[in-house]
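What follows is a single structure, written as structure tokens, with notes after it.
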Amino acid sequence: MGKNFMSSTNLNGDFEEYENLHEFAIMAKQKLSVETWDYLMGGAETETTLRRNRLALDMLGFRPRVLRNVENIDCGGNVLGQNLKLPIILAPIGALQDFDPDGGIAPTLAAVDAGVIHMVSSRTEPGLEAVAKATDYPKIFQLYVRGDPSWVDDHISRAIDSGYIGLALTVDLDYYGRRERDLSKRYRTTARRTSQATEWQYRFTWADIERIRTKFNIPLILKGIATAEDSVLAVQSGVEAIYVSNHGGRQLDHGRGTLEVLPEVIDAAADTVEIYVDGGFMRGTDIVKAMALGADAVGIGRLQGLALSANGRIGVTRMLELLEMEIRTCLGLLGVTRYGELDDSYLHAVPPVESPGPLSAFPLMFEDYLYER
């Protein structure tokens, strides 16, 4: 029998099924098969990059200011001209249908509920058109290159025709990372049980970015930038946004944590494009740290998968509500009312407290006293 977390009461006296973010992880662990759980939580090879994502977040502490009027706090953000309630992108996750029967539709509708934006993966069901039809709320389409230029153009045209407001091209998946949790179980997600023409991703270069930018009138995002050098090239290529990511530690092992990478990418971009980042973000405080360093939005991946697995659209919506509470509390206790008042003077290098891991942001989920058996 799995553990059952205790319900708690909100300020109005009503019971909420989820009052802490770690409760989504507990429920997801109970519901998912061990194979699907490990796919969601695992990384490549020794999982060093995965842990460094969390370590980079944990090695920054806050320098709060006090005696300021923080009565009215604005947690909102902006992505590609869209005003959002939170500066959050629900990051693209392949095979969302393995976590919830509604697949990509569930987080898209949760994005509507919570006022954020979903970046829909090209490797999730029920497909880009069906997800688009679920709501006319803005959404972004993410594409893996699995065909020749005509194949790419067809997918971009379909995304434009379906009303997507931006196109994200993932550029850190030339070779599929050796995810040993999956390999040890001989496991493939539903999205990888059909053949994939990966040779076209091998050949994809900056020239292809220029071709796409010239041919199509849709904002371009490059997802997977991890150096200042590539940040400069991305700006020169004319994209609208750079997405700092290492695929959640699932691709190149022994990479740097994304929050460590973020400042050099921002400096190289020189305020010419929007900057997004993901990789290990699990708490509202994590999001505030990225915003203090200059990010425009933060991608939520594994936490989205946990909430979706726990309770579908409702779970993702509630997860975002809890993140908003944490962000609002954090901003107020830092002595600011909006992200624009933050800079790196609010941050200081500190030693980590917890050993880094995909769930190390939730130490209480491992404490027996929180649960009934």
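The values are calculated or read from the model by the stated rules, or taken from the named source; none is laboratory data. Source: prediction; values computed, not measured. Using ideal geometry, Cβ is built from the backbone for each residue, glycine included, and neighbour counts are taken over all protein chains shown. Each accessible area value is taken on the protein alone, full model and side chains, heavy atoms only, with ligands, DNA and RNA left out. Shrake-Rupley method; radii C 1.70, N 1.55, O 1.52, S 1.80 Å.
State yes or no: is L90 closer than 17 Å to D278 by Cα and in contact with a strand residue (DSSP E or B) (Cβ under 9 Å, 6 or more places away or on another chain)? Before you say what the answer is, go through the steps one by one.
Numbers: closer than 17 Å to D278 by Cα: yes; in contact with a strand residue (DSSP E or B) (Cβ under 9 Å, 6 or more places away or on another chain): yes.
Spelling it out, L90 is indeed closer than 17 Å to D278 by Cα and in contact with a strand residue (DSSP E or B) (Cβ under 9 Å, 6 or more places away or on another chain).
Given the structure, is I89 hydrophobic (A, V, I, L, M, F, W, C) and in contact with a helix residue (DSSP H, G or I) (Cβ under 8 Å, 6 or more places away or on another chain)? Spell out how you get there, then give the answer.
Values: hydrophobic (A, V, I, L, M, F, W, C): yes; in contact with a helix residue (DSSP H, G or I) (Cβ under 8 Å, 6 or more places away or on another chain): no.
Spelling it out, it is not the case that I89 is hydrophobic (A, V, I, L, M, F, W, C) and in contact with a helix residue (DSSP H, G or I) (Cβ under 8 Å, 6 or more places away or on another chain).
Kindly indicate whether I300 is of a type in the set (A, V, I, L, M) and open to solvent by 10 Å² or more (accessible area, probe 1.4 Å).
Numbers: of a type in the set (A, V, I, L, M): yes; open to solvent by 10 Å² or more (accessible area, probe 1.4 Å): no.
Considered against the rule, which asks whether it is of a type in the set (A, V, I, L, M) and open to solvent by 10 Å² or more (accessible area, probe 1.4 Å), I300 comes out as no.
Among the candidates S184, S121, which residue alone is under 27 Å from M282 (Cβ atoms) and without any contact (Cβ under 8 Å) to a residue 24 or more places away in the chain?
Values: S121 fails: without any contact (Cβ under 8 Å) to a residue 24 or more places away in the chain.
Only one candidate passes the filter, namely S184.
Would you check if E180 is farther than 22 Å from V120 by Cα, open to solvent by 40 Å² or more (accessible area, probe 1.4 Å) and either touching a Cys at 6+ places or on another chain (Cβ under 8 Å) or not aromatic (F, W, Y) (or both)?
yes
Using the structure shown, decide if V273 is closer than 20 Å to K139 by Cα, under 16 Å from the mean Cα position of the chain (by Cα), touching a residue at least 24 places away in the same chain (Cβ under 8 Å) and open to solvent by less than 30 Å² (accessible area, probe 1.4 Å). Show your work before the answer.
Details: closer than 20 Å to K139 by Cα: yes; under 16 Å from the mean Cα position of the chain (by Cα): no; touching a residue at least 24 places away in the same chain (Cβ under 8 Å): yes; open to solvent by less than 30 Å² (accessible area, probe 1.4 Å): yes.
No.
What number of residues within region 21-53 are touching a strand residue (DSSP E or B) at 6+ places or on another chain (Cβ under 9 Å) and among the polar types (S, T, N, Q)?
1
Going through region 186-212 one residue at a time, which ones are in contact with an Asp or Glu (Cβ under 7 Å, 6 or more places away or on another chain), open to solvent by less than 70 Å² (accessible area, probe 1.4 Å) and not in a loop (DSSP other than H, G, I, E, B)?
Selection gives T190, Q201.
Mind checking whether some residue in region 286-296 is over 21 Å from A349 (Cα atoms), surrounded by fewer than 22 Cβ atoms within 10 Å (Cβ to Cβ) and in contact with a strand residue (DSSP E or B) (Cβ under 8 Å, 6 or more places away or on another chain)? Before you say what the answer is, go through the steps one by one.
From region 286-296, those over 21 Å from A349 (Cα atoms) are 296; that's our starting set.
The next check asks that each one be surrounded by fewer than 22 Cβ atoms within 10 Å (Cβ to Cβ); those that pass are 296.
From what's left, in contact with a strand residue (DSSP E or B) (Cβ under 8 Å, 6 or more places away or on another chain): 296.
Checked region 286-296: at least one residue is over 21 Å from A349 (Cα atoms), surrounded by fewer than 22 Cβ atoms within 10 Å (Cβ to Cβ) and in contact with a strand residue (DSSP E or B) (Cβ under 8 Å, 6 or more places away or on another chain).
Give the residue, chosen from E260, E264, E240, that is of a type in the set (D, E), without any contact (Cβ under 8 Å) to a residue 60 or more places away in the chain and surrounded by fewer than 21 Cβ atoms within 10 Å (Cβ to Cβ). Lay out the reasoning, then the answer.
Details: E260 fails: without any contact (Cβ under 8 Å) to a residue 60 or more places away in the chain; E240 fails: without any contact (Cβ under 8 Å) to a residue 60 or more places away in the chain.
Checking each option against the conditions leaves just E264.
Within region 76-86, how many residues turn out to be over 22 Å from R123 (Cβ atoms) and surrounded by 23 or more Cβ atoms within 10 Å (Cβ to Cβ)?
2
Does region 82-139 hold any residues that are among the aromatic types (F, W, Y) and part of a strand (DSSP E or B), and which are they?
Initially, region 82-139 is screened for residues among the aromatic types (F, W, Y), giving 99, 137.
If the condition is that a residue be among the aromatic types (F, W, Y) and part of a strand (DSSP E or B), then no residue fits.
Any idea which residue in region 147-169 is surrounded by the fewest Cβ atoms within 10 Å (Cβ to Cβ), counting only those that are part of a helix (DSSP H, G or I) and among the small types (G, A, S)? Please lay out each step first, then the result.
First pass over region 147-169, keeping only residues part of a helix (DSSP H, G or I): 149-161.
Checking the rest, the ones that are also among the small types (G, A, S) come to 150, 157, 159.
Values: S150: 7, S157: 13, A159: 25.
Looking at residues that are part of a helix (DSSP H, G or I) and among the small types (G, A, S), I get S150.
Test S231 against the criterion of being among the hydroxyl-bearing types (S, T, Y), open to solvent by less than 10 Å² (accessible area, probe 1.4 Å), modelled with pLDDT of 95 or more and over 30 Å from Y18 (Cβ atoms), and give yes or no.
yes
Within region 305-362, restricting attention to residues that are assigned to a helix (DSSP H, G or I), acidic (D, E) and farther than 30 Å from A95 by Cα, which residue is least open to solvent (accessible area, probe 1.4 Å)? Write out each step before concluding.
In the first step, residues of region 305-362 are kept if they are assigned to a helix (DSSP H, G or I); the result is 305-334, 339-341, 344-346.
So of that shortlist, the ones also acidic (D, E) come out as 321, 324, 326, 341, 344.
Filter once more, so that each one left must be farther than 30 Å from A95 by Cα: 341, 344.
On the way: E341: 67, D344: 104 Å².
Only one residue tops the list, namely E341.
Kindly evaluate R52 against the criterion of being open to solvent by 60 Å² or more (accessible area, probe 1.4 Å), in contact with a Leu (Cβ under 7 Å, 6 or more places away or on another chain) and in contact (Cβ under 8 Å) with a residue 40 or more places away in the chain. Outline the logic, then answer.
Details: open to solvent by 60 Å² or more (accessible area, probe 1.4 Å): yes; in contact with a Leu (Cβ under 7 Å, 6 or more places away or on another chain): no; in contact (Cβ under 8 Å) with a residue 40 or more places away in the chain: yes.
Spelling it out, it is not the case that R52 is open to solvent by 60 Å² or more (accessible area, probe 1.4 Å), in contact with a Leu (Cβ under 7 Å, 6 or more places away or on another chain) and in contact (Cβ under 8 Å) with a residue 40 or more places away in the chain.
Select from region 209-260 the residues that are of a type in the set (D, E, K, R) and more than 18 Å from Y164 (Cα to Cα) and write down the one among them that is nearest to the chain's Cα centre (by Cα). Please lay out each step first, then the result.
Our first condition is that a residue be of a type in the set (D, E, K, R); within region 209-260, this holds for 210-211, 213, 215, 223, 229-230, 240, 250, 253, 256, 260.
When the remaining residues are screened for being more than 18 Å from Y164 (Cα to Cα), the result is 210-211, 229-230, 250, 253, 256, 260.
Numbers: E210: 26, R211: 27, E229: 23, D230: 20, R250: 13, D253: 19, R256: 17, E260: 16 Å.
If we take residues in region 209-260 being of a type in the set (D, E, K, R) and more than 18 Å from Y164 (Cα to Cα), then R250 is nearest to the chain's Cα centre (by Cα).
For region 132-146, name all the residues that are of a type in the set (D, E, K, R) and crowded, with 21+ Cβ neighbours inside 10 Å. Reasoning before the result, please.
In the first step, residues of region 132-146 are kept if they are of a type in the set (D, E, K, R); the result is 133, 136, 139, 146.
Residue satisfying the conditions is K139 alone.
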